[in-house]
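Contents: one structure, followed by commentary.
The values are calculated or read from the model by the stated rules, or taken from the named source; none is laboratory data. Not measured: the values here are computed from a predicted model. FYI the Cβ positions are ideal-geometry reconstructions off the backbone, even for glycines, and counts take in every protein chain you see. Only protein heavy atoms, including side chains, enter the accessible area calculation; ligands, DNA and RNA are left aside. Shrake-Rupley method; radii C 1.70, N 1.55, O 1.52, S 1.80 Å.
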Amino acid sequence: MSLHEDCLINYLQKPDELAYTTEILKLNNKLMEREFVKNKISDKIRVELFK
């Protein structure tokens with residue numbers, strides 16, 4: 001089960017914790033975005049090195 005699914009289940013079981021669950025999702029999205037950007041930069045560096 002993914003983090004998004006876990007958060008949805010948590011919200012359905014405890015709707016008063018929506019703010020907490022939303023913050024978890026925001027942090028997870030930031031981490032995913034950073035990893036994506038890091039990979040893109042690494043790919044560009046590799047391409048430039050092997051030209």
With the crude spin-label approximation of a point 7 Å out along Cα→Cβ, what separation in nm comes out for LYS30 versus ASP43? 2.5
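Among the chymotrypsin sites (Phe, Trp or Tyr not before Pro) within the chain, which fall in a DSSP loop and have no more than 13 other Cβ atoms within 10 Å of their own Cβ? Let's see the in-between values first.
Numbers: sites: TYR11, TYR20, PHE36, PHE50; in loops: PHE50.
Listed in order of number, the matching sites are PHE50.
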Ranking by accessible area, most exposed first, for LEU27, LEU3 with a 1.4 Å probe: LEU27, LEU3
From the alpha carbon gyration tensor of the chain, can you work out the equivalent ellipsoid semi-axes (sqrt of 5 times each eigenvalue) and give them in Å, largest to smallest? 36, 9, 4
Cα-based helix-to-principal-axis angle, 18-49 vs the chain, degrees rounded to 10: 10
Report ILE41's accessible area, 1.4 Å probe, all protein chains in place, as a number in Å² to the nearest 10. 90
Any idea which of THR21, CYS7, PHE50 is furthest toward the positive side of the dipole for the chain, if Lys and Arg beta-carbons carry +1 and Asp and Glu beta-carbons -1? PHE50
How much of LYS30 can a 1.4 Å solvent probe reach, expressed as accessible area in Å² and rounded to 10? 120
